[in-house]
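Undergrad: Sharing a structure with you now.
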Amino acid sequence: MTAITLSSVKKRYQKTDVVHGVDVEIESGEFVVILGPSGCGKSTLLRMIAGLEEITSGTIAIGDTVVNNLEPRERGCAMVFQNYALYPHMSVAQNIGYALKVAGMPRAERDAKVLKVAKSVSLEPYLDRKPGELSGGQRQRVAMARAMVREPKVFLFDEPFSNLDAKLRVAMRAEVRSLHRGLGVTSVFVTHDQTEAMTLADRLIIMNAGVVEQVGKPSEVYNRPASLFVADFIGSPAMNLVRGFFADDGYFRHGKGGMIHLPTIAPNLLSKEVSVGVRPENVRRVPAGTKGAINAVVDYIEELGASRLIYADVDGSRIVAVDSANDALGTGMPVHFAFDTADLHVFSNDDGRRLDIATGLAATAALINA
Amino acid sequence: MERRAYYRNGTLPWLLIAPQLILVLVFFYWPTSQALYWAFTLEQPWGGGNSWVGLSNFLSIFGDGRYWATVGRSAFYAIAATGISMVIALTLAMFADRALKGTKLFQSVFVWPYAIAAPAAGVAFRFIFAPEAGIIGSINEMWPGIWNPATNGGHALAMVIVCHAWLGIGYNFIFFLAALQMLPRSLTEAGAMDGARPFQRMIDLQLPLIAPTVFFLLIMNLISSFTDSFGLIDVMTEGGPINSTEVMVYKLYVDGFKGLDYSGAAAQSIVLMLLVIALTFVQFRWVEKRVHYN
Amino acid sequence: MIERSPIFNIVTYATMILGLLLVLTPFWIVIVAGSLSLQEVSQVPLKLWPSNHLLENLEVAWTRADLGPKMINSLIVAVGVTVGKITLAALSAFSIVFFNYRARMLCFWLIFITLMLPLEVRIVPTYSIAANALQPFQVILDTLGITWLVETVSGVRVGLEWNLLNSYTGLILPLVATATGTFLYRQFFMTIPDELVEASKMDGSGPLRFFFEVLLPLSRTNMLALATIMFVSSWNQYLWPLLITTDRANFGTVVMQLKALIPAQNGTPDWNVTMAGALIIMLPPLLVVALMQRWFVRGLISRDK
């Protein structure tokens, strides 16, 4: 069983830092997803693990071995590429078996292995075809079979589903999941699709601009985002984030003179520039006149079918709420919202870190280790 | 790819294409058909136009042992020059494709031979290989008479072939490098992940994947050795010694313009044209075949 | 580059340096030999480091081969072919790609087929047409009976004649009459999206306006590539100028002069002058290629597809 340890891993191209010192422990047999917007350095990180990119500084260990100076072939990783990277001039069988051929495995043994792996991903009827004659999903399977046949210590996936259509993507997700359950091989999966990340991951690594923003289980990342970036990036529709400050009178001031009463604010949060966040699904519509309700004016409505999104203005700040009622509601009409303090998230505007609403202390460190 | 958006205009497209069409008709189709006409006729020695002689012009060149010797020589020349040039260019391109530091500098120099006029290179190589001059000359000083392209036909042919191969390096290099660079990086990376070492990746992955380019260049080089060799041979050996470097295009020139045998030369032209057309045709068939690769 | 193996890197550099030597040696020898004195160039083994006679050798070569006027001729031919080809190629490709008329594909193939047969293989008949470029039209008039008609009506016999021997037109036109440029432009024009044509139509611009204001500016790279290729190939022409110019003194090009610079079998072996002359003659296209490399490489390659 193989763990992967990244310690202060950095990558620098000429003069720009792409990855700034990443420290992560990936446990043996774990399925970890690295999630982030394009250009955040997630693929670079994966390629450094694979050995396709040089590590500028820091160390990467696979198992007990520091692999910084090992060639890709010596690291025991298999990789599924974004564009499959199948050898177009070889048949499916040759594609799957190439690594074995390179390793000098005798023909008979090789053929048997290829057949076995091909069966496990239902590619058996296509063994003699060229990749060009296969559908997108079949090519994807060849790429996975090629990775599996070597029985690697680590699976690396570099946005493998980005060329598939939505339906196939869901199917492949399930396949990868069950594959992992069956083989139990440590896997690192890079994607920019948060649904994919949420559904696949044992643990998520959220990256932004070369920095790890948060590491945690999908539910943790969703429920207790460690930073403003994670809060904004995870979840659709995105979390409502309202900039302002807590005044001495216990009111949160925002927008054009907006005031929201929030109880039990830690004293050291007072008069600090912060962002207060609440997920749209945690914003409730309440009848007019409800005590403590926030008065808003509807900007527009987005119908989703089962529910609708209300985009409303609260004294110059935008609030989005998920609403399942179906009364007539239109632009310019008043609405009233409420939410639980427990659903609130507070972030420092200085460094974007999560602040604990009760203690006012930065919560990031604690969360990352969670 | 078919276009959907066109301009509609009665005369404008014809006006635009007319100059090119007229030039092509006057300087390509007319001469080519003239060549056909001459190849099947013979000019009367006492004037009065050409008389139809059927295949006799062809029969006379095909019956001529010296012509067949020329054909064989041309084939050898073409294969040798093409082979040498392509192997060198491919090797250089493979290594240049690794894009180590400073490769750009090497790259731009490798292209230079493309710019050189064949006769100019011919003059330079003639000096380099001149038995009495100071480069090969030093070898002759050690073993007198070991090298003399002025009297030894084999030496002369080798000298011309080497020069032709050198001239082709630039062109071949450009195409090989471009083809290699067009291969997706991820294929090489996949190969590396599969455990193949660089040299093995070259043989197993890169070479088969640029096969279409290899084939394209093969044909282009063969055609070029059949046609572009004239300037080189004229400057270096004038077909000698004793015709040992006389290739098809050179013989055609000598017979047509020195010997004034237009009919014979026209027949030779036709043979050369058919050869070039055949090569081009093979090329097109291959282009069709390669479609399933992509 | 994946492997950082130092050994493989050394092999890489070693091969490339070997290639560099292979490519540069002839150039180096031309430069070295061109800078030696007659005595030095006759030495065996040859000095491999330049001496200081380059300028005087250049001068001797320049006068001996009459390179001044020949340079001008070469330049006229090279520029003429380049400009002619670019203009014709752009116009004809525009016609083929952006207009829909019945004979469009026929025209394309008529032009495209010329790619197959280089000038060298049809040199004999092309030469004969140069003696009278209007000969095809005369034949057309004769066969249609127009000559006879005009003669009987007006008493004048129509005799079309346009001799191209010993003229710049003769040197240039046959070299313009191939499809290289047309093909290159066509390839490029095919990549112009339909939407661009439609947008320009919606903006109310006609075909010529579209050609001048959209296509030409977009095809600047292609034009540079084609210009480089055409300049180099026409400067380096040898066989055609040799045939078409019997009056070498006035219409000869520099490349034709190379042979005149080679020492005679029993004459003075002044290879130093020969090499100096070769240097002058090979320099212009080499400079063009070195300066335009980036563009012309792109142009060459797009011919493949």
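Undergrad: Given the conditions (1) of a type outside the set (K, R); (2) assigned to a helix (DSSP H, G or I); (3) within 17 Å of the chain's Cα centre (by Cα), which single one is not true for A:F157?
TA: (2)
Undergrad: Is it true that some residue in the range C:286-299 is at pLDDT 85 or above, facing another protein chain (nearest Cβ under 9 Å), in a helix (DSSP H, G or I) and surrounded by fewer than 19 Cβ atoms within 10 Å (Cβ to Cβ)?
TA: yes
Undergrad: Still on this structure: For the range B:167-178, indicate whether the set of residues that are without any contact (Cβ under 8 Å) to a residue 40 or more places away in the chain, facing chain C (nearest Cβ under 7 Å) and closer than 28 Å to C:Q237 by Cα is non-empty. Steps first, please.
TA: Pass one, the range B:167-178, residues without any contact (Cβ under 8 Å) to a residue 40 or more places away in the chain: B:178.
If we keep only those that are facing chain C (nearest Cβ under 7 Å) too, we end up with B:178.
When the remaining residues are screened for being closer than 28 Å to C:Q237 by Cα, the result is B:178.
Yes, the range B:167-178 has at least one match.
Undergrad: Scan the range A:45-62 residue by residue and report those that are in contact (Cβ under 8 Å) with a residue 60 or more places away in the chain and either of a type outside the set (G, A, S) or surrounded by fewer than 20 Cβ atoms within 10 Å (Cβ to Cβ) (or both). Walk me through how you get there before you give the answer.
TA: Going through the range A:45-62, the residues in contact (Cβ under 8 Å) with a residue 60 or more places away in the chain turn out to be A:45-47, A:49-50, A:62.
Selection gives A:L45, A:L46, A:R47, A:I49, A:I62.
Undergrad: Considering every residue within the range B:64-85, establish whether at least one is at the interface with another protein chain (Cβ under 9 Å from one of its Cβ atoms), farther than 16 Å from B:I169 by Cα and of a type in the set (S, T, Y). So that I can check it myself, show each step before the final result.
TA: To start, the set of residues in the range B:64-85 that are at the interface with another protein chain (Cβ under 9 Å from one of its Cβ atoms) comprises none.
Taking every residue of the range B:64-85 in turn, none turns out to be at the interface with another protein chain (Cβ under 9 Å from one of its Cβ atoms), farther than 16 Å from B:I169 by Cα and of a type in the set (S, T, Y).
Undergrad: Still on this model: Being at positive phi, in contact with a helix residue (DSSP H, G or I) (Cβ under 7 Å, 6 or more places away or on another chain) and touching a residue at least 40 places away in the same chain (Cβ under 8 Å) is the requirement here; does A:G235 meet it?
TA: Working: at positive phi: yes; in contact with a helix residue (DSSP H, G or I) (Cβ under 7 Å, 6 or more places away or on another chain): yes; touching a residue at least 40 places away in the same chain (Cβ under 8 Å): yes.
Judged against the criteria, A:G235 is a match.
Undergrad: I'm checking my understanding of the structure. Among residues of the range B:117-145 that are aromatic (F, W, Y) and assigned to a loop (DSSP other than H, G, I, E, B), which one is surrounded by the fewest Cβ atoms within 10 Å (Cβ to Cβ)? Walk me through it before giving the result.
TA: First, pick out the residues of the range B:117-145 that are aromatic (F, W, Y): B:125, B:127, B:129, B:143.
Still in the list and also assigned to a loop (DSSP other than H, G, I, E, B): B:129, B:143.
Values: B:F129: 23, B:W143: 8.
If we take residues in the range B:117-145 being aromatic (F, W, Y) and assigned to a loop (DSSP other than H, G, I, E, B), then B:W143 is surrounded by the fewest Cβ atoms within 10 Å (Cβ to Cβ).
Undergrad: Taking the residues in the range C:63-78 that are at pLDDT 90 or above and within 12 Å of chain B (Cβ to nearest Cβ) as candidates, determine which candidate is surrounded by the fewest Cβ atoms within 10 Å (Cβ to Cβ).
TA: Going through the qualifying residues, I end up with C:A78.
Undergrad: Yes or no: A:Y84 assigned by TED's automatic domain parsing to the domain that holds A:G184, in a loop (DSSP other than H, G, I, E, B) and among the aromatic types (F, W, Y)? Reasoning before the result, please.
TA: Numbers: assigned by TED's automatic domain parsing to the domain that holds A:G184: yes; in a loop (DSSP other than H, G, I, E, B): yes; among the aromatic types (F, W, Y): yes.
Yes: the conditions hold for A:Y84.
Undergrad: Further question: If you take the residues in the range A:45-85 that are within 8 Å of another protein chain (Cβ to nearest Cβ) and of a type in the set (A, V, I, L, M), which one is nearest to A:M148 (Cα to Cα)?
TA: So, considering only residues that are within 8 Å of another protein chain (Cβ to nearest Cβ) and of a type in the set (A, V, I, L, M), the one nearest to A:M148 (Cα to Cα) is A:A78.
Undergrad: Being under 23 Å from the mean Cα position of the chain (by Cα) and either within 9 Å of chain B (Cβ to nearest Cβ) or at pLDDT 90 or above (or both) narrows it down to one of C:V81, C:V11, C:V97, C:V44, so name that one.
TA: Values: C:V11 fails: under 23 Å from the mean Cα position of the chain (by Cα); C:V97 fails: under 23 Å from the mean Cα position of the chain (by Cα); C:V44 fails: under 23 Å from the mean Cα position of the chain (by Cα).
Criteria check complete, one pass: C:V81.
Undergrad: For the structure I just gave you, tell me whether A:V278 is within 26 Å of A:G235 (Cα to Cα), out of contact with any Phe, Trp or Tyr (no Cβ under 9 Å at 6 or more places or on another chain) and surrounded by 16 or more Cβ atoms within 10 Å (Cβ to Cβ). Steps first, answer last, please.
TA: Details: within 26 Å of A:G235 (Cα to Cα): yes; out of contact with any Phe, Trp or Tyr (no Cβ under 9 Å at 6 or more places or on another chain): no; surrounded by 16 or more Cβ atoms within 10 Å (Cβ to Cβ): yes.
So A:V278 does not fit the description; no.
Undergrad: Of all residues in the range C:240-251, how many are farther than 13 Å from C:G170 by Cα and either at pLDDT 85 or above or among the basic types (K, R) (or both)? Give the derivation first.
TA: The initial filter retains those residues of the range C:240-251 that are farther than 13 Å from C:G170 by Cα, namely C:248-250.
Next cut, either at pLDDT 85 or above or among the basic types (K, R) (or both) only: C:248.
Summing the residues that are farther than 13 Å from C:G170 by Cα and either at pLDDT 85 or above or among the basic types (K, R) (or both) in the range C:240-251 gives 1.
Undergrad: Identify all residues within the range C:243-264 that are more than 8 Å from chain B (Cβ to nearest Cβ) and free of Cβ contacts under 8 Å to residues at least 60 places away in the same chain; write none if there are none.
TA: Listed by number, the residues that qualify are C:R248, C:P263, C:A264.
Undergrad: If A:K256 passes every condition in (1) charged (D, E, K, R); (2) at pLDDT below 90; (3) surrounded by 19 or more Cβ atoms within 10 Å (Cβ to Cβ) but one, which one does it miss?
TA: Among (1) charged (D, E, K, R); (2) at pLDDT below 90; (3) surrounded by 19 or more Cβ atoms within 10 Å (Cβ to Cβ), A:K256 violates only (3).
Undergrad: Still on this structure: Taking the condition of being within 25 Å of A:V149 (Cβ to Cβ), surrounded by fewer than 17 Cβ atoms within 10 Å (Cβ to Cβ) and modelled with pLDDT of 90 or more, how many residues in the range A:182-205 meet it?
TA: Number of matching residues: 1.
Undergrad: Any residue at all in the range B:204-222 that's closer than 17 Å to A:R73 by Cα and within 10 Å of chain A (Cβ to nearest Cβ)? Spell out the reasoning first.
TA: First, pick out the residues of the range B:204-222 that are closer than 17 Å to A:R73 by Cα: B:204-205.
Checking which are within 10 Å of chain A (Cβ to nearest Cβ) leaves us with B:204-205.
Yes, the range B:204-222 has at least one match.
Undergrad: Evaluate the range A:242-253: report whether one residue or more is of a type in the set (D, E, K, R), closer than 30 Å to A:S8 by Cβ and surrounded by fewer than 22 Cβ atoms within 10 Å (Cβ to Cβ). First the steps, then the outcome.
TA: Quick first cut of the range A:242-253, residues of a type in the set (D, E, K, R) only: A:243, A:248-249, A:253.
From what is left, the residues that are closer than 30 Å to A:S8 by Cβ are none.
No; the residues of the range A:242-253 include none that is of a type in the set (D, E, K, R), closer than 30 Å to A:S8 by Cβ and surrounded by fewer than 22 Cβ atoms within 10 Å (Cβ to Cβ).
Undergrad: When the residues of the range A:278-323 are filtered to those that are in contact with a strand residue (DSSP E or B) (Cβ under 8 Å, 6 or more places away or on another chain) and among the polar types (S, T, N, Q), which remaining residue is nearest to A:H254 (Cα to Cα)?
TA: The extreme case among them is A:S317.
Undergrad: Can you tell me how many residues within the range B:108-160 are within 7 Å of chain C (Cβ to nearest Cβ) and over 18 Å from C:M275 (Cα atoms)?
TA: So the count comes out to 7.
Undergrad: Could you please find all residues in the range B:4-32 being of a type in the set (V, I, T), facing chain C (nearest Cβ under 7 Å) and more than 24 Å from C:E198 (Cβ to Cβ)?
TA: Applying the first criterion (of a type in the set (V, I, T)) to the range B:4-32 yields B:11, B:17, B:22, B:24, B:26, B:32.
Those still in the list that are facing chain C (nearest Cβ under 7 Å) too: B:17, B:24, B:26, B:32.
B:V24, B:V26, B:T32, listed by residue number.
Undergrad: When residues of the range C:100-117 are filtered for being in contact (Cβ under 8 Å) with a residue 24 or more places away in the chain, surrounded by 19 or more Cβ atoms within 10 Å (Cβ to Cβ) and either more than 8 Å from chain B (Cβ to nearest Cβ) or not hydroxyl-bearing (S, T, Y) (or both), how many remain?
TA: Qualifying residue count, the range C:100-117: 2.
Undergrad: C:I244 - would you say it is under 16 Å from B:G231 (Cβ atoms) and β-branched (V, I, T)?
TA: On the way: under 16 Å from B:G231 (Cβ atoms): yes; β-branched (V, I, T): yes.
When the stated conditions are applied, C:I244 passes them.
Undergrad: Here is a further query. With the range C:139-237 as the region, which helices (runs of 4 or more DSSP H) entirely inside it contain at least 2 residues that are more than 10 Å from every other protein chain (Cβ to nearest Cβ), of a type in the set (S, T, N, Q) and within 25 Å of C:V79 (Cα to Cα)? Don't jump to the end; show me each part of the working.
TA: On the way: elements: C:146-154, C:168-176, C:180-190, C:194-202, C:207-210, C:220-235.
Filter on the range C:139-237 gives C:180-190, C:220-235.
Undergrad: From A:V19, A:V80, grab the single residue that is at pLDDT 90 or above and out of contact with any Phe, Trp or Tyr (no Cβ under 7 Å at 6 or more places or on another chain).
TA: Working: A:V80 fails: out of contact with any Phe, Trp or Tyr (no Cβ under 7 Å at 6 or more places or on another chain).
Being at pLDDT 90 or above and out of contact with any Phe, Trp or Tyr (no Cβ under 7 Å at 6 or more places or on another chain) holds for just one of A:V19, A:V80, which is A:V19.
The values are calculated or read from the model by the stated rules, or taken from the named source; none is laboratory data. Quick caveat, the model's predicted, so the values are computed rather than measured. Cβ sites come from the backbone with ideal geometry, for glycine too, and all protein chains shown count toward neighbours.
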